[in-house]
Structures are given as structure tokens and as C-alpha cells.
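Below is one structure; the comments refer to it alone.
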Amino acid sequence: MASPGRKLLPFTALLLAAVPALAAATPATPVTPSFGEAVEVNVVNVDVYATDKQGRRVPGLGKGDFELLEDGRKVAISNFDAVSADAAQAGAQPGGSSPAGAAKGPEEPFNLVIYFDDVNIGPAHRARVLKQLGDFLTRLAPGDRVMLVTDDLGLHVRVPFTSDPAVLVKGLQEVGTLAAHGGESNRNRRHTLDDMLTIQTDSLNDPTDPVPCPLNIVQPAHAFAASRRQETLRAINSLTILVNSLSGVPGRKALLHVSDGLPITPGEEVFQFLAELCSGSNAGVGDIKAPSLIQPNPQGPSANPNKPDGQPDPYTVYDARSFGPKAYQAASQAPLDAQAYSVANALKTLAAHANAHRVTLYTLQASGLQGTEASDAGFGPDERLYQFPAIAIVERANNRDSLQLLADDTGGRSILDANDILSDLGRMQEDLSSFYSLGFTPAHSGDGREHRIEARIKRPGLRLRYRQSYRDKPTVEKVVDRTLAALYYGLEDNPLGVAIAVGEAVPVEGGLYAVPVRLEIPLFKLAILNQGEVYEGKLRLLVATRDDAGGTAPVRQVDVPLKIPRKQVLNALGQYYIYTVTIRLKPGAQHVAVAVRDEVAATTSYLGRPVNVAATASVTPP
């Protein structure tokens, strides 16, 4: 029902098409600018950290000390701020004023998201990190805000943004009770190695044509790498959703990614195992001396002198090149096969998304400092091939490289090979409160492309750290991201004065419920342009949903053209435009976020509501 005193414009006066159910609507394509839309100013901000050769911060730099380049071309620095955590105290004069040219204190809130990748972290590693994070969070400055998020096969906001250390410490304790799945990939890797050695054994024991490293020995490696790649891409996608949603959070934002690492080339270590097993290049494994070359002969592979019964041994290193096309040529093929599963481009795209929203990524390798040997207490005396040192080296470098890439490309820091992380966390906090902010206005706006950034310092001997690129997101993508912020964090912004009401849920097929969401939009807030006999406007509606289990549906969009006959314009401006969208939800606690964008004025309202979908359709009021 409309609120008392509100005038509702009849549908016949505005709509030339029926109101669609959003669940059935297809995503709208970006609207081509026309009839005088407002142009949004696009300013790119680059936060720069300047240090000397000893790694100490360098204060007192000015706008003239820096140069900025975009895609190799120099751009004018339009905005400049020197921000320091203690500048307000160190430079303040009596009466609260600061001397001319003094650094500014942080004017924006500091927002830190601590993100636990529970799919790629071991429980013991997480437990050690949680204790130190608890100590760190008790040292936050007043006003600093922290949010705790987990990814355990779905994004879950465990603790919303808060400045209360006690709430955060309690949240960390709850995170410690959740399942950590990092050991599953280790078990799957072990099964893959077992499968490959079984294939090796079966082939060597083939009485008709015994061949070491047969062509099918690589199949388990491909299966493991493909599965691991899908897991890694899922993790990257979850992290991307979270990063994008932070665009609607005011202030400076950083995300601390806590995991044992994401493999930049998933499965590379099992291909490395084949390279060691089948290339004949290893000097020895354990106390087994690998033959320099085992020549083929009509009777099959040479007997292994280490086996007392003289039978072929699957744990011997063979040179597949000696057996021709019947054997998997691991020396040349394994590295190529491994690179087919690389996710480096997906990681770079994630970093570009983070840069687009000024989200600095800090990465924490929860596994800490470990040895490079691959020995395991579970390995038996006949499993020494699993202990190739190169396998452990490849696996560890794989995980490190991804963490290093995300931090370097966004201007953050990577915390690697560290069991005591408090000092590194302190440096991260210092980053977020002391920096130089350089802004420029690019010639393009919303072209959807990634652009390289280079910052230069004119003073010799100084080093700069900053984000290396950014993606100039189209307007529609920015609106989608802000809608996600309303969905996840309840951050609302309503310049259009939109009222939202959620109606009673009705059961539909598939165990779902159809939930009407009614929007009342005051027409006097909208830009409606004279087109002769009619006045026209354009709205874009976006709806996002999330359940309490962390599951989200894609953000759905619909274009709504407004057409008001010329004779009805004056009367219409005192009324409300009503639009109802119908979404289909599963039973249980749900969250709904709606964005209403005036495409002409380039103004958007963001609203969110919790909804309890049950047989009785209990609705939480706004």
C-alpha cells in the first residue's frame, strides 16, 4: 500500500510495456548515451608509498616531486595529498590549524577486511595465524574498522565492519571452529601420484610390451590439474566478488588474504613428478641410484640392480627418450602440459578489479616458514620417489607466486615465510595510515580496459610502491558493484528518495517462493527531458539476492523507459512512479538489495532489506 498522502501515477500514464518479473528478465545491455545525459567525472587515485634504501618512510614530499604515467604517457596530477597518521598531532599549531604545506591526517576511515580462504588453508596454520591476528586487532586506532569474512565454499561475513576489538576477537575465535579444507588437495595430490605409479607398475609388468612411462601415465596429472584449476578459479571468483562489493564502502580499503596460497599453475608439481620420473635427469632419489640411461631391449626395461629379485621397479627413474613414441616424453612435454592450467591471467584480472576500487591487497601465507624437502612421515620405504626435492620446491613457489603477484600489482605487501607476523601486520597498518595520494583525470571514461600506471620520483635514491594498473570500469559495472555492497554490508545511499516494500511470498514451482518487491520513486527527483509531445526519462533497476549460507544469485537488471504525455507532466511531478519486481527465492533468511539508477542524471539509489521467506512469508520491515 502507498503511504498516506502519496500520489501514485497510474501505469497507463507512464508505462508502454508491462512490468516484468525480474526473475524472468534478461540482463540489459549498457544504454548508449543520448538526449543530454549527465557526464560523470572519472578521477583515478593512486596511493604511493615512498621509502629510502633502508625501507624507511620518506615524509615531506610534494606534488612536484612526482610524475604519473598512464600506458606510458605522462598525465597531469590534478589532486595531491600527503597523508600521515600522526601529522595532525606533529604539525598542528595552537588553535587546531596546521602549517601551510603540512601533511594531512587521514580524513577517510580505514577499512580492513580480513579474508580467510578456508578452502586453501590448513587448520594448524590457521590456528597459529588467528592467535597473532587477535593480538594485532587489540592495537587498532580508534575509528579503524575491520570486517571478518570466510570463504568456505561460499562467502560469509562473519563479523561486519566494527571498531570493537572485543567483537573482533570473539569473531576470530568463531572462525577457528570452522572447517579448514587445505588438506584435501594434499590428499588428492597423493592419490594422483599413487595412480601414476600404478600405471607405471602395470606397464612394466606387461608381458607383451613392458614400457616405462607409457603415454597414459599423464592422464591422472591432467585430471588433478584440471580439478585444482577449477577450485582455484572458484576461489579467485569469490575474492573478485568481495573486492567488487567493497567499491560501495566509503574510505580507504585493504583486504588481507589469509591462505596457504593459490597455485598460479595448478597441478604443476605432479607434472614435475613425471619430469623427474621419466626424464632420467635425476642424480638419485634417497638411496636409489638412478641409471644414467636405461636402454630399451626386446625383453623390456633393464632389471633394477636395487631390487633383489631383479624385477623391473616402478620406483626407478627412467629416461623416456630411450623408448621413443611409446613413452611419455616428460622432459619436453610435462612443462608445456603444466602451463596449460595457469591462472596467472585470472589473478591479474583480480588485481585490476582491486585497483579499480582502490582496494589494496595484502597477502599472508598462513603456512609460514617451512623446509623445502617433500618428505612426509606417511611415506613408506618404497615411496621415496614422492620425496623428490624439486616437487616441494615447485609446489611452494606456485603458492608464493600468486600471493606475491596480488600484493605487488595492487601496491600491497606479501607476508611470506614468516611464523611471527606481528611486525609485518604493523607495517601494513602503517601503510594504510601514511601515504601520498596522486590523482589524475584520464581522457577515457568507462572503456572497460586495463591501463598501466607508472609513478616516478624525481629525487634520487628513493623507492616507490603503488598499484601497477587499474581497470576503467563501465558505469553499469560500477552500479553492480555498489549493489553488492548494499547486499553484503547494508550500506545504503538514497539520493532519489526511493521507498521499498517487500510483499508476501507466494509458493511457485521448484520449492521456490515468488516475492514481490515494490518500489516507489518520486518523479520530481528524476531527470525527465522534453522530447516534444512526451517527456522521457530512463531508469535502470538492479536486484541482487543472498542467502544466509553465503549463496548469491547474479545481479539481474532491467531497463525501464519513462514516457509522460506533455499534458500530464505538471501533475506527474507531484506523484510517485510505482514499479514492482518479482524475484524467486528459496525458503529461509534472505537478503535483497536493489539499485535504482536515473540514467539521465547519472544518479543512483542503493537500498537493502532482509527477508525471511517461509510458508507464512514473514517479512522483516524496513
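For Gly446, the criteria (1) more than 30 Å from Pro266 (Cα to Cα); (2) within 20 Å of the chain's Cα centre (by Cα); (3) not β-branched (Val, Ile, Thr) hold in every case but one, which is (2). Of the strands (runs of 3 or more DSSP E) contained entirely in the range 562-615, those carrying at least 3 residues that are among the hydrophobic types (A, V, I, L, M, F, W, C) and closer than 21 Å to Val476 by Cα fall at 588-598.
Here is a list: Ser238, Ser247, Ser185, Ser203. Which entry is over 30 Å from Arg467 (Cα atoms), buried (at least 17 other Cβ atoms within 10 Å of the Cβ) and touching a residue at least 60 places away in the same chain (Cβ under 8 Å)? Result: Ser185 is the single residue among Ser238, Ser247, Ser185, Ser203 that is over 30 Å from Arg467 (Cα atoms), buried (at least 17 other Cβ atoms within 10 Å of the Cβ) and touching a residue at least 60 places away in the same chain (Cβ under 8 Å).
Just checking: which of the strands (runs of 3 or more DSSP E) contained wholly in the range 429-504 hold 3 or more residues that are of a type outside the set (Val, Ile, Thr) and either over 30 Å from Ser84 (Cα atoms) or in contact (Cβ under 8 Å) with a residue 40 or more places away in the chain (or both)? Spell out how you get there, then give the answer.
Values: elements: 435-440, 450-457, 463-465, 469-471, 499-502.
In the range 429-504, 435-440, 450-457, 463-465, 469-471 are the strands (runs of 3 or more DSSP E) which contain 3 or more residues that are of a type outside the set (Val, Ile, Thr) and either over 30 Å from Ser84 (Cα atoms) or in contact (Cβ under 8 Å) with a residue 40 or more places away in the chain (or both).
Which number in (1) polar (S, T, N, Q); (2) over 20 Å from Gln272 (Cα atoms); (3) at pLDDT 90 or above marks the one condition that Asn304 misses? Result: Asn304 fails condition (3) only.
The values are calculated or read from the model by the stated rules, or taken from the named source; none is laboratory data. Everything quoted here is computed from the prediction, not taken from an experiment. Methodologically, a virtual Cβ is constructed for each residue, glycine included, from the backbone with ideal geometry; neighbour enumeration extends over all protein chains shown.
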